[in-house]
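Novice: Quick one: structure below, then a few questions.
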Amino acid sequence: MLLAIAMLLAAPAFLTSCQEDAPEINYTMNVSVINDFAKVVEAINNGSLKNEQAIAKLTEAIDKMNADQQTKLQAIIDVLNSVNATLETKLDAIEAAMKAQTLTLESKLALLETAIKNQTIKQEEMAQKLVTGIDNLSSSMVAKIEAITAAINSQSTALQSKLALTEAAMKAQTLTLESKLDLLEKAIKALPDYSAQLEAIKAVIESLPDYGGKLDALANAIKALPDYSAQLEAIKTAIEALPNYGDKLTALENAIKALPNYSDKFDAVVAALNAMKTQIEALGTGQTDIATQIGEVTAAINSLIASVNSGNTSAAAALAQIIQKLEELKKGIGSGGGDTPSGGGDTPSGGGDTPSGGGETPSGGGDTPSGGGDTPSTEDYVDLGLSVKWATKNLGANKPSDYGDHYAWGETEPKGNYSWETYKWGTKDNLTKYNKTDGKTTLDPADDAATQKLGSPWRMPTYDEIKELLGNCTWTWTTQDGKNGYEVKSKKNGNSIFLPAAGYVNSQDLFDVGSWGRYWSGSLGVADARYLNFSWNEHNWSASGRFYGLPVRPVCP
């Protein structure tokens, strides 16, 4: 095979004379039937095959080539190195190799590195070509992740190739967000130095199409970085890469939740806000008001930190207040700095992003928490023909695909640490409310996060209402705005809601985002709180410790 290719590439005059001995139509049919790699290369060189047809024939020829990986790879590399092959032929060979299902990722990566060395393609083109290469691998998703991880960990893989491979994995259509985030963490740990890690983080944030994915990626990246100074620089890198002010602040919130201890969290907030203020001040006097607001919030946060240091405020309480101040700042300054990407911004969705159904909106004010839980909000809902109407989005979310906030059962504010040590109603062995003494098995309105945030009659669903949702709807695992979850479609009237796989929080870490959904009910089991539980292949109810942070999907009569 290699000898045949060499002869074909080295002797164009001989090929031309052979061509003249047979009609062109017979030659073209011969290429189509035999699919021999050398003949397809010859046909592209002489113009008989062009564009998509040429790539398709080359891909087919590569996959049908009866040879091992090294032989196949060398055959394609010989085309790239040939002085007789046209540039079009070389580019078609690269594209065909990326689409071939019988070439391994290692072979595709080696081919691209060769193409860059001989200047057939540029380094900045590598990532996008690898996207095609990854998506066309015939192996399972697990095997793809293993292959990518092995290439990134390999000492023989060039640094620029590792960065391109990391970026390509984030853009690949055949990998889940969960697998991408796990891969990102491994990639950052494998990269040789700090500047390479930052470059990878920036590339990932820019390449992920979904805003929630960008934030999750930032959190995973921070966990993987070796020390606090690197983590802080990563936060600054993310703030520079995100296009508007609201996104920058949300990224900061996610980043500080990922940091390992409170001291680091506090330092990161102040440093990041100062960096953002400096960035805004450099834009000129038109941004003075925003810079002033940031300065005022920074001063208030510094006061909270001082109160923690003096022992007057707990670190957990201070962090919760800091996050609240960041939310207030976000609302105060708006998005700014450009268009809001998917998932960003501060305006709750309506109209286009609302799942089918609709229904009348309960009367009352806006989305501001009511305090006593008496003033209903203008939250949108869907009538599924069941005993209650279901909100279109999670509590704290801006649209149906957003994950929203996570709450401990019986608590009405999100916080920085979810454990029995921080739980409002005591410990597992010493509960001060909803215990055997008071006999309460359903949350009081004062302890219902939905009621407190949205006002009555909004509340968390009961155990029976969750069972009703499970039994009277068709559950279809799908993706909305890049987020995995379920379309829950009523069997009674065809209306539907989307429930994103928002994961859960244990201690300070967010788990199972994109793969599992766990939503609190307002009901207790024997001892644990009941919740809606689902993954891609199951949907049911379960019960668990009350201290975990789970999302809430409100209901109303």
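The values are calculated or read from the model by the stated rules, or taken from the named source; none is laboratory data. Here the structure is a predicted model, which is why all the values come from computation and not from measurement. So basically every Cβ, Gly included, is an ideal-geometry build from the backbone, and we count neighbours across all protein chains shown. The protein model used for the area step is the full one, side chains on, heavy atoms only, and it has no ligands, DNA or RNA in it. Shrake-Rupley method; radii C 1.70, N 1.55, O 1.52, S 1.80 Å.
Novice: Which value, in Å² rounded to 10, gives the accessible area of W477 with a 1.4 Å probe and all protein chains present?
Specialist: Here the accessible area works out near 80 Å².
Novice: Let me ask something additional. Under a 5 Å amide H to amide H cut-off, with H placed in plane at 1.01 Å, what residues pair with L49 once short-range neighbours are removed?
Specialist: HN-HN under 5 Å from L49: I44.
Novice: Work out the FRET efficiency for T427 and D182 from their Cβ-Cβ distance, taking R0 = 41 Å, and round it to the nearest 0.05.
Specialist: Numbers: r = 32 Å, r/R0 = 0.79.
In this case the efficiency is close to 0.80.
Novice: In what order, largest first, do I116, I294 sit by accessible area if the probe radius is 1.4 Å?
Specialist: Ranked list, largest accessible area first: I116, I294.
Novice: Quick check on packing: order 503-513, 145-155, 430-440 by the mean number of other C-beta atoms within 10 Å, highest mean leading. Please report the intermediate quantities before stating the final value.
Specialist: Numbers: 503-513: 18.9, 145-155: 16.9, 430-440: 12.3.
In descending order of packing, they fall as 503-513, 145-155, 430-440.
Novice: Would you please name the trypsin sites (Lys or Arg not before Pro) within the stretch 68-124 that are DSSP coil residues with at most 14 other C-beta atoms within 10 Å of their C-beta?
Specialist: Passing both the DSSP loop test and the Cβ count: K122.
Novice: Placing +1 at every Lys and Arg Cβ and -1 at every Asp and Glu Cβ, with all other atoms neutral, what dipole size does the stretch 371-520 have around its Cα centre, in debye to the nearest 20?
Specialist: On the way: 17 positive and 21 negative charges, 68 e Å.
Using Cβ point charges on Lys, Arg, Asp and Glu, the stretch 371-520 gives about 320 debye.
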